[in-house]
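The values are calculated or read from the model by the stated rules, or taken from the named source; none is laboratory data. Owing to the predicted nature of the structure, the values given are computational and were not obtained by experimental measurement. Methodologically, a virtual Cβ is constructed for each residue, glycine included, from the backbone with ideal geometry; neighbour enumeration extends over all protein chains shown. What goes into the accessible areas is simple: the full protein's heavy atoms, side chains included, and nothing from ligands, DNA or RNA. Shrake-Rupley method; radii C 1.70, N 1.55, O 1.52, S 1.80 Å.
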Amino acid sequence: MASLTIDNVKKRYGQTEILKGIDISIEAGEFLILVGPSGCGKSTLMNSIAGLEDVSEGRILIGDNDVTYASPKDRDIAMVFQSYALYPNMTVAENISFGLEMRKVPKAEREAEVQRVADMLQIGHLLKRKPGQLSGGQRQRVAMGRALARRPKMYLFDEPLSNLDAKLRVEMRTEIKKLHQKLGTTIVYVTHDQIEAMTLADRIAVMKDGEVQQLGTPQEIYDNPTNLFVAGFMGSPAMNFIPAKVVEQNGSYALELQASKPTVVPFPKPESLKAYAGKEILLGLRPEMITEPQPHKEGKEFVVTADIDVEVTEPMGADTMVLTRISEAEVNCRCNPAYPAKADETIAMMFDTSKAVAFDKDSGKRIDN
Amino acid sequence: MNNNAAKAGSGATQAGRPARLSLADWMPKIVMAPTAVAAIVCIYGYMIWTAVLSFTNSRMLPTYNFVGLDQYERLFMNDRWLVALSNLGVFGGLFILTCLFLGVMLAIFLDQKIRAEGAIRTIYLYPMAISFIVTGTAWKWLLNPTNGIEKMMIELGFEDFRFNWLSDPDMVVYCLVIAAVWQASGFVMALFLAGLRGVDSEMIKAAQLDGASIFTTYRRIILPSLKPVFFSALVILSHIAIKSFDLVAALTNGGPGYSSDLPANFMYAHAFTRSQIGLGAASAMVMLGCVLAILIPYLYSELRGERHE
Ligand SMILES: Nc1ncnc2c1ncn2[C@@H]1O[C@H](COP(=O)(O)OP(=O)(O)OP(=O)(O)O)[C@@H](O)[C@H]1O
Ligand SMILES: [Mg+2]
């Protein structure tokens with residue numbers, strides 16, 4: 001177990017800068033998740049942490065040791081790759097014990113370790129097989145087993161579940177979470193999956209174009225995104241961005257939307273809108289904050305009921321997504337399936353703006369914090 | 001290969017539309033027919049004819065006077081044949097091993113992301129593009145004691161330098177090895193380079209994290225995963241070795257004496273210049289046996305492998 005500090009790390013390939021000064025630091029035992037669009041440099045950052053790529057500038061510290069120039073094998077890190085990267089000519093047991101063998105661990109100890117790992121991951125019956133004879137899920141377990149065997153200071157997972165089918169992915173996600181709780185080892189984990197990010201992480205770093213946009217707990221990222229990109233990236237379906245005009249009302253500021261009819265909604269931090277009075281901003285409102293009218297919320301602060309024109313409904317089982325258009329923007333609302341919303345009809349919806357956020361239309365920056 | 005594809009294609013259409021056979025269905029067969037006929041007659045037909053002749057006492061012209069296994073008995077009593085066989089053993093063994101070793105080494109070096117890789121690859125691969133006759137002739141000059149490497153070294157001041165394998169009956173077979181290795185190792189390199197390029201780069205990263213040195217990574221992980229490439233290279237090289245005829249013809253012409261004969265040269269000499277068609281045919285059949293002994297296990301494992309996938 002060790003903390004990880006990434007201090008202003010830059011990585012250039014020739015002229016192009018892939019990582020543009022990454023600053024991340026996490027405590028020992030924390031589960032850090034890196035998310036971001038494809039090509040934003042997540043794998044490059046992982047490889048830099050592992051020492052598989054040299055960084056062009058900056059420092060990487062594991063615990064108190066500066067490992068910026070240490071070779072991969074001296075960093076005491078294990079990594080699980082997206083392709084699993086098992087050694088095809090070795091059996092499962094040999095795959096797991098190879099790292100120990102390279103570190104000159106005696107044979108008896110190695111065998112005991114393989115057994116321990118196999119028991120933990122329930123792959124004992126596979127030990128004599130070659131990777132080619134395993135299913136995707138089994139290979140994934142073996143790849144984890146190989147990482148677990150050395151008991152390193154830190155684990156790196158680069159999209160470890162992306163090749164699994166949906167059901168297996170959920171199972172493995174739970175197992176990884178359990179494993180982390182049991183071992184308490186620091187983990188850095190890359191994923192494209194929103195749910196994986198939200199459920200597993202202690203901290204999420206949202207990256208874009210080689211920069212960290214925001215580093216925070218999943219709830220912070222979800223509730224308090226620092227800019228339009230983070231807000232739109234986390235959450236599925238994504239946050240709604242509704243163009244809204246800042247209007248003065250009773251000496252305070254509120255937002256005017258074009259739903260079925262013009263509607264004015266309150267905003268939690270009206271004073272932050274002062275500079276934008278009379279101008280348009282983007283109101284960020286999560287789909288679950290626009291629902292069918294709920295009696296227990298009636299009359300509360302920041303709750304407004306207004307009519308919307310339904311465009312499409314998408315039943316999802318537990319909820320029904322209702323698509324509408326507000327101020328020319330497409331908006332998702334999350335309703336109870338029993339609520340009779342039908343396409344091309346007008347129906348009342350309850351807007352709860354207590355967790356709404358506001359963004360500058362041009363720069364995409366948060367206005368209200 | 002085309003043949004198979006055509007067969008598979010027409011099979012599928014037949015299954016789909018049983019009754020009507022249009023021109024489109026016949027077209028592949030019509031197009032393939034001349035090739036198929038030529039292949040059956042020229043390859044398998046003559047193979048069978050040779051097999052038949054090997055049981056006759058044909059001399060200058062084919063006759064059908066069957067004498068059982070007499071020709072084979074004569075063959076294995078023939079000193080020149082035994083020399084050719086043992087030459088094949090030495091030549092084949094050394095040629096294959098050296099080519100594999102050099103090819104693998106060159107491929108590994110070229111795989112280290114070096115500059116001008118394309119040019120270097122072409123240089124090494126180039127010998128494969130020229131015929132064994134040219135290789136043989138070029139090396140005949142190089143290895144010739146009176147005007148080749150030996151002369152050059154002596155002119156450079158190494159007065160005692162001797163390199164006269166070409167005229168030494170005990171060493172001449174190694175001259176064949178040198179020339180053949182020069183020609184074929186670039187090809188083996190290309191095979192392995194393609195294999196190395198196909199290796200998952202994450203696997204190499206995993207090995208690095210596991211603490212394996214570059215040498216260990218190649219020895220324990222990368223090369224073992226190239227087993228199919230080894231196998232293919234082995235088969236290709238061994239049939240080159242068994243078939244080698246032109247190299248000997250150009251480089252040594254079997255000499256001194258018949259000390260550098262290979263089976264193919266023996267066969268040619270007896271069937272076409274010494275009026276011993278029966279004996280030549282018998283030696284051809286022995287060579288065919290050698291090739292089959294290598295090819296059949298290979299094809300078997302290849303086809304089985306396909307079915308597994
Ligand atoms: N060896 C290299 N030379 C030049 N550019 C590279 C090299 N490796 C990666 N890149 C570039 O660096 C950028 C980041 O790549 P990286 O693999 O880190 O993306 P990623 O965030 O992991 O994407 P994904 O989610 O698709 O895995 C990409 O634009 C890629 O083209
Ligand atoms: Mg990646």
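Listed values, structure above:
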quantity	calculated
Accessible surface of the stretch A:108-176, 1.4 Å probe, proportion on carbon and sulfur as whole %	48
Three-way shape label, the stretch B:23-119, alpha-carbon gyration tensor, a/c 1.5	oblate
Sum of -39500 (n - 2.57) over DSSP H runs of 4+, divided by residues of chain B (222 nm, nearest 500)	-22000 deg cm²/dmol
Minimum 30 Å² accessible area buried by the other protein chains, the stretch A:100-145 residues, probe 1.4 Å, relative to alone	A:M102
Spin-label pair B:C42/B:F272, simplified geometry with 7 Å Cα→Cβ offset, distance in nm	1.5
Of all accessible heavy-atom area on the stretch A:187-268, the percent that carbon and sulfur account for (1.4 Å)	47
Pairwise FRET efficiency - A:S236 versus A:A277, Cβ, R0 = 25 Å, nearest 0.05	0.15
With DNA, RNA and ligands ignored, accessible area of B:L94 (1.4 Å probe; Å², nearest 10)	70
³J(HN,Hα) computed for each position of the stretch A:154-168 - Karplus, 6.51 cos²θ - 1.76 cosθ + 1.60, integer Hz, glycine/proline x	7, 10, 10, 10, 9, 6, x, 9, 5, 8, 9, 6, 4, 5, 4
Ranked order, A:V114, B:V67, B:V31 - accessible area, probe 1.4 Å, largest first	B:V31, B:V67, A:V114
For the stretch B:155-173 versus the stretch B:58-89, the gap between their alpha-carbon centres in whole angstrom	34
Cleavage-rule hits (GluC sites (Glu not before Pro)) in the stretch A:305-364: DSSP loop, at most 15 neighbouring Cβ within 10 angstrom	A:E328, A:E345
Carbon/sulfur fraction of accessible area - chain B, other protein chains in place, 1.4 Å, %	68
Distant-in-sequence amide H partners of A:E330 (H built 1.01 Å from N, under 5 Å)	none
Whether chain B is rounded, prolate or oblate, judged on the alpha carbon gyration tensor where a/c under 1.5 counts as rounded	oblate
Residue-normalised accessible area of the protein assembly as shown, given per residue in Å² at a 1.4 Å probe	50
Candidate residues A:E301, A:E53, A:E27, A:E220: accessible-area rank, largest first, probe 1.4 Å	A:E301, A:E27, A:E220, A:E53
Euclidean distance of C-alpha centroids, the stretch A:65-99 and the stretch A:194-259, integer Å	37
Nearest-10 value in Å² for the accessible area of B:L53, using the 1.4 Å probe	10
Accessible surface ranking that places the most exposed of A:D158, A:D64, A:D209 first, with a 1.4 angstrom probe	A:D64, A:D209, A:D158
Computed helical MRE - 222 nm, chain A, DSSP H runs ≥ 4 contributing -39500 (n - 2.57), nearest 500	-7000 deg cm²/dmol
A:R325 accessible area, 1.4 Å probe, all protein chains in place, Å² to nearest 10	100
Percentage relative contact order, the stretch A:240-359, counting C-alpha pairs under 8 Å, at least six apart	32
Inter-site label distance for A:R116 and B:K243 at 7 Å from Cα along Cβ, in nm	5.8
Calculated from backbone phi, Karplus (6.51, -1.76, 1.60) coupling profile of the stretch A:221-234 in Hz, x at Gly/Pro	4, 6, 8, 10, x, 7, 8, 4, 4, 4, 4, x, 7, 8
Alpha-carbon centroids, the stretch A:306-369 and the stretch B:196-274: separation in whole Å	69
Amide H contacts under 5 Å for A:T68, placed H, 5+ residues apart	A:I60
About the Cα centre, charge dipole magnitude for chain A (Lys/Arg +1, Asp/Glu -1 at Cβ), debye	1560
3J(HN,Hα) from dihedral phi, the stretch A:247-255, Karplus parametrisation 6.51/-1.76/1.60, rounded to Hz, x for glycine, proline	10, 8, 8, 6, x, 10, 10, 9, 10
Virtual spin-label span in nm between B:V90 and B:T35, 7 Å along Cα→Cβ	4.3
Residues with amide H under 5 Å from that of A:A358, placed H, sequence gap 5 or more	A:G284, A:I367, A:D368
Interface size A-B, as summed buried accessible area [1.4 Å probe, Å², nearest 100]	1800
Over 30 Å (Cα to Cα) - which of A:K42/A:K182; A:K73/B:K227; A:K177/A:K365; A:K73/A:K128; A:K10/A:K274 fall in this group	A:K177/A:K365; A:K10/A:K274
Burial of 30 Å² or greater, the stretch A:75-89 residues [accessible area, probe 1.4 Å, versus chain by itself]	A:F81, A:S83, A:A85, A:Y87, A:P88, A:N89
DSSP-defined beta bridges in the protein assembly as shown - what % are antiparallel, rounded to 5	80
